[in-house]
């Protein structure tokens with residue numbers, strides 16, 4: 001600070017030029033080496049450390065705030081707080097500093113003062129702190145999202161009639177309030193989970209019901225001799241609405257296919273890998289371990305005709321045990337593993353003592 005002077009506890013103290021010069025002599029500073037403007041600091045009577053917090057922001061987050069967008073702190077009482085922008089999540093940690101940090105509204109830097117004529121300014125300290133919040137980019141904590149939605153999976157319209165109104169259901173605002181992730185990260189994961197909105201509430205489909213819907217679509221494709229690359233939406237709805245709600249038929253097409261328009265008609269290109277992967281999950285979910293050769297045979301027979309199954313379609317979903325004789329395969333879904341690094345590695349090495357890079361990569365890349 002230009003022309004340093006002692007900080008006073010009284011906001012009414014006004015140092016004279018003589019007092020400033022005397023202070024410089026005690027500090028063994030030459031006035032000629034300093035800027036001519038001196039700032040004498042004093043504490044405002046309302047200054048309170050408990051009311052002031054410092055947050056260290058990377059330039060990208062500063063741009064967000066300057067553009068008028070918000071940053072949100074999320075976390076329940078038993079969770080470590082995170083800060084979220086629209087599309088990123090940051091871990092918050094308190095960093096201590098050996099120096100007391102002063103908040104001085106209107107305090108001017110040497111660059112702002114320039115070389116004006118000699119003067120004395122009397123800025124007041126509005127607050128102070130001995131620490132600040134440090135932000136570090138982290139993975140969004142999305143495991144809770146699936147946990148919340150699995151409290152009340154959607155099993156179809158018939159099952160809904162038997163449920164009570166006390167069953168847990170969540171709006172977008174509810175999820176934003178409870179899940180420690182940015183809005184874009186939450187919306188992306190809702191797509192990954194193949195969740196859908198039913199009467200304004202987010203629901204995840206019961207896996208058996210999801211497979212039932214998918215089977216209706218693949219059977220219709222087989223019956224109509226359609227190409228899996230050109231499945232007409234209008235005909236699907238017309239044929240299958242007597243069996244299931246229209247929005248569910250379209251949702252399963254969106255979940256397992258890619259939508260496109262051709263000649264003013266809406267079509268879907270079905271995703272072979274997603275369908276093969278879901279079929280494998282259906283076969284493996286009720287078995288502790290499955291003979292690999294037997295599984296591959298049953299798996300190929302279970303997918304729609306014309307589709308080809310491959311083990312690389314099961315990355316992050318199932319693991320082959322090559323040490324057993326005969327070789328076996330079992331369900332190991334990356335979504336069921338702990339989110340933190342240490343917990344995930346502990347879990348993986350409890351399942352298996354030795355891993356090849358190819359085996360472990362799908363479980364640590366996310």
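None of the figures in this text is laboratory data; all of them are computed from the coordinates on show. Keep in mind that what you see is a predicted model, and the values were worked out from it rather than measured. Backbone-built Cβ (ideal geometry, glycine too); neighbour counts: all protein chains shown.
Under a Gaussian network description of the chain, with springs only between Cα atoms under 10 Å, the residue in 128, 268, 290 that fluctuates furthest is 128.
Compared with the dominant principal axis of the Cα atoms in the chain, helix 341-351 is inclined by about 30°.
Residue order for 251, 188, 216, fewest other beta carbons within 10 angstrom first, comes to 188, 216, 251. What the Cα atoms of segment 207-270 give is an Rg and a Dmax of 10.8, 35 Å. In percent, rounded to a whole number, the relative contact order of the chain is 11, using alpha-carbon pairs under 8 Å and six or more apart. Under a Gaussian network description of the chain, with springs only between Cα atoms under 10 Å, the residue in 276, 52, 236 that fluctuates furthest is 52. Comparing 283, 314, 113 in a Gaussian network model of the chain where C-alpha atoms under 10 Å apart are linked, the largest mean-square fluctuation is found at 113.
Which order results if 265, 305 are arranged by neighbouring Cβ count within 10 Å, fewest first?
Ordered from fewest to most neighbouring Cβ atoms within 10 Å, 265, 305 come out as 305, 265.
Among DSSP bridges having both ends in segment 17-137, what percentage is antiparallel? Round to the nearest 5. Roughly 70 percent of the beta bridges in segment 17-137 run antiparallel, per DSSP.
The peptide list 139-146, 337-344, put in order of mean Cβ contacts within 10 Å with the highest first, becomes 139-146, 337-344.
Which whole-number percent gives the relative contact order of segment 249-323, counting Cα pairs below 8 Å spaced six or more residues apart? Over segment 249-323, the number comes to 25 percent.
Using only the Cα atoms of the chain, build the gyration tensor, take square roots of its eigenvalues as a ≥ b ≥ c, and label the shape rounded, prolate or oblate: rounded if a/c is under 1.5, else prolate if a/b is larger than b/c, else oblate.
Because a/c hits 1.5 or more and a/b exceeds b/c, the chain counts as prolate.
Using a cutoff of 8 angstrom between alpha carbon atoms and counting only pairs six or more residues apart, the relative contact order for segment 271-366 works out to 27 percent. For the pair segment 53-101 / segment 261-340, the C-alpha centres are spaced 40 Å from each other. Shown for 43, 53: other C-beta atoms within 10 Å of each C-beta, ranked fewest to most, produce the order 53, 43. An oblate overall shape is assigned to segment 260-366, the ratio a/c of its alpha-carbon gyration tensor axes (a ≥ b ≥ c) being 1.5 or greater and a/b not exceeding b/c. Calculated mean residue ellipticity, 222 nm, the chain: -10000 deg cm²/dmol, from DSSP H runs (n ≥ 4) at -39500 (n - 2.57) each, averaged per residue and rounded to 500.
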